[in-house]
1. With a 10 Å cut-off between alpha carbons and a GNM built on the chain, which of G159, G170, G103 moves the most?
2. Could you state the angle between the C-alpha long axis of helix 178-189 and the longest principal axis of the C-alpha atoms of the chain, as a value from 0 to 90 degrees rounded to the nearest 10?
3. If one takes the longest principal axis of the Cα atoms in the chain, at what angle in degrees, from 0 to 90 and to the nearest 10, does the Cα axis of helix 289-300 lie?
4. Looking at the chain as a GNM with Cα springs under 10 Å, which of V325, V347, V127 has the largest mean-square fluctuation?
5. Over the chain, what relative contact order in percent results from Cα pairs under 8 Å that are six or more residues apart?
6. Pick from H272, H102, H359 the residue whose mean-square fluctuation is largest in a GNM of the chain, springs joining Cα atoms under 10 Å.
7. Taking the Cα atoms only, what angle lies between the long axis of helix 86-95 and the longest principal axis of the chain, rounded to 10 degrees?
8. Of all trypsin sites (Lys or Arg not before Pro) in segment 79-132, which ones are in loop regions per DSSP and have a Cβ with at most 15 other Cβ atoms within 10 Å?
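Read-outs: derived from the displayed coordinates by stated rules, not from any lab. Note that the structure is predicted; figures quoted are calculated from it, not measured. Neighbour counts are summed over all protein chains in view; Cβ atoms, including those assigned to glycine, are modelled from backbone coordinates with ideal geometry.
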Amino acid sequence: MAATDPIVPDYTGDVLGRVLPVAATAIGADLGVVPDWGLPTAERICVLLVDGLGSELLAAATDVAPFLASLLPAARILRAGFPTTTAASMGSFGTGLPPGRHGLVGYDVLDPDRDLIFNELKWDPAVDPRAWQPHPTVFETLDTQDLPSVRVGPARFAGSGLTEAVLRGGRFVPADRLHHIVSATVAAMKGDDRLAYVYWGGVDFAGHANGWRSAAWRRALHQLDQAALALARRLPPGTTLVVTADHGMMDLPHEYRHDLADTPELLAGVRHIGGETRALQLYCEPDAAEEVAAGFADRFGDLVWVRTRREAVDQGWFGPVEDRVLPRIGDVIVAAAGNIGLVDTRVANPKVLTLLGQHGSLTEAEQLVPLLVHHC
């Protein structure tokens, strides 16, 4: 393997999608074969997922996150999967399956039945989430085994398309502020619930808006660290607290973005543009994929990894891919290897064009996430 080749996740190994199955097994659930990560049997487990907290970012900011930093020496480092975007990662997290099986394969993806692009994070009411992702979630499996679980997060997540697709099951408790999230989680763990899943997006939001090296990002991380410490202190004895993330992040100053509107010849033969800034998915006219792939490879060289759909599938980028999922994946994938992002200002969401922090590709900064464990 050349030094410039991407490191593709081993979806049977240390990946984000194994976290909930391992945690559920530790409280006595039967989810089949799961990795032995040394997580001991526990009466209760609380899994805190911090959106955007890559392991490299945390390691570089231990001064503002002393509690989480104290857990780093014993941490297991996981890979998020591809693409490193919240919808795909949450699909893996909630189901325990790789993207090629759960079917959430990007940020903006093709609905083949309608030949339309839709956003898997915001969802589209025309798409039935249970048909789009038909596999049982870990929470649904816990329901069938009489192991109560709770999901704690922003009220807007209740009944959302993404929630119904990959996080359905158990019960949901809305909480929008960090201190409310902590209180709601502690109350649930003092009751009947055996597994709690807790989401916080403030770190990711600050990183996108200001970059992960900014004062705003460091404040957001410090606030999260204080909340995690409060959980560790207030959760009932015998509870295991697990902290992980859905992806990492890198700062991409706007001067490193390439506007495809300036090179329209690259899009000859492209019917739809999907994916995101650092993991473009191009849906092509019949028989155009090879030429489109060659054009992007010639234009951007070592700055990108270009694969046709068949190449990406054969190389395991999405893990095993089900037939129903295959046409959702771009005919051509252009993943950023260096300091570059690809946008088309003619069609891109204006808000997306303002973002500084980015993720989506297979670099270590975007891929690697921590698995931190504290026994209360």
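1. Maximum among the listed residues: G159.
2. For 178-189 against the chain, the angle is about 60 degrees.
3. Tilt of helix 289-300: around 80 degrees.
4. V347
5. Taking the mean separation of contacting Cα pairs over the length of the chain, I get 27 percent.
6. In this elastic network of the chain, the residue with the biggest mean-square fluctuation among H272, H102, H359 is H272.
7. On a 0 to 90 degree scale, this one is about 50.
8. The qualifying sites are R114, K122.
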